[in-house]
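Participant: I am attaching a structure below and will ask some questions about it afterwards.
Rule-based calculations on the coordinates, nothing more; no lab input. Since we're looking at a predicted model, the values are computed, not measured. Please note: Cβ atoms are built from the backbone with ideal geometry, for glycine as well, and neighbour counts cover all protein chains shown.
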Amino acid sequence: MIQVDARGLACPQPIMKARDIIAENPQEFEIIVDTGAPKTNVPRFIKRSGYKVELIEKEDEVTIIARR
């Protein structure tokens, strides 16, 4: 499974990382982002790309798991 750490990156950089992963057309992947705007924007982008999304929240980070 592809795993990407996008913590510390401001939007739109986490979305751009998600876009790059989606371009590889994986069945599933994970991306870790900070809370705040990336927590909302990245899952929305991934869902629009045809993936189902699950969020796992920890103190100041969110792991977004995307599956086809």
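Participant: If we count every other residue with Cβ under 13 angstrom of Arg19's Cβ, Lys/Arg +1 and Asp/Glu -1, where does the sum land? Each step should come with its number before you reach the end.
Facilitator: Details: positive: Lys17, Arg44, Arg48; negative: Asp20, Glu24.
Charge balance near Arg19 sits at +1.
Participant: List the GluC sites (Glu not before Pro) in segment 36-68 that DSSP assigns to loop (not H, G, I, E or B) and whose Cβ has at most 14 other Cβ atoms within 10 Å. Which are they?
Facilitator: Details: sites: Glu54, Glu57, Glu59, Glu61; in loops: Glu59.
Of the GluC sites (Glu not before Pro), the ones in loops of segment 36-68 whose Cβ has at most 14 other Cβ atoms within 10 Å are Glu59.
Participant: A further question on this structure: Helix 37-48 versus the longest principal axis of the chain: what is the Cα-based angle in degrees, 0 to 90, to the nearest 10?
Facilitator: The two axes meet at around 10 degrees.
Participant: Right, here's the next one. How big is the chain along each principal axis, measuring the range of its Cα positions in Å and listing the largest first?
Facilitator: Cα extents, longest axis first: 28, 21, 19 Å.
Participant: Which value in deg cm²/dmol, rounded to the nearest 500, describes the helix-derived mean residue ellipticity at 222 nm for the chain, given -39,500 (n - 2.57) per DSSP H run of n ≥ 4 and division by the residue count?
Facilitator: Numbers: 2 runs with 23 residues, N = 68.
Calculated at 222 nm, the ellipticity per residue is -10500 deg cm²/dmol.
Participant: Against the longest principal axis of the chain, how steep is helix 13-23, in degrees 0 to 90 to the nearest 10, with axes from Cα atoms?
Facilitator: Long axis of 13-23 versus the principal axis of the chain: about 10 degrees.
Participant: With a point put 7 Å past each Cα toward its Cβ, work out how far Val53 is from Glu28 in nm, to one decimal.
Facilitator: Spacing of the two 7 Å Cα→Cβ label points: 1.8 nm.
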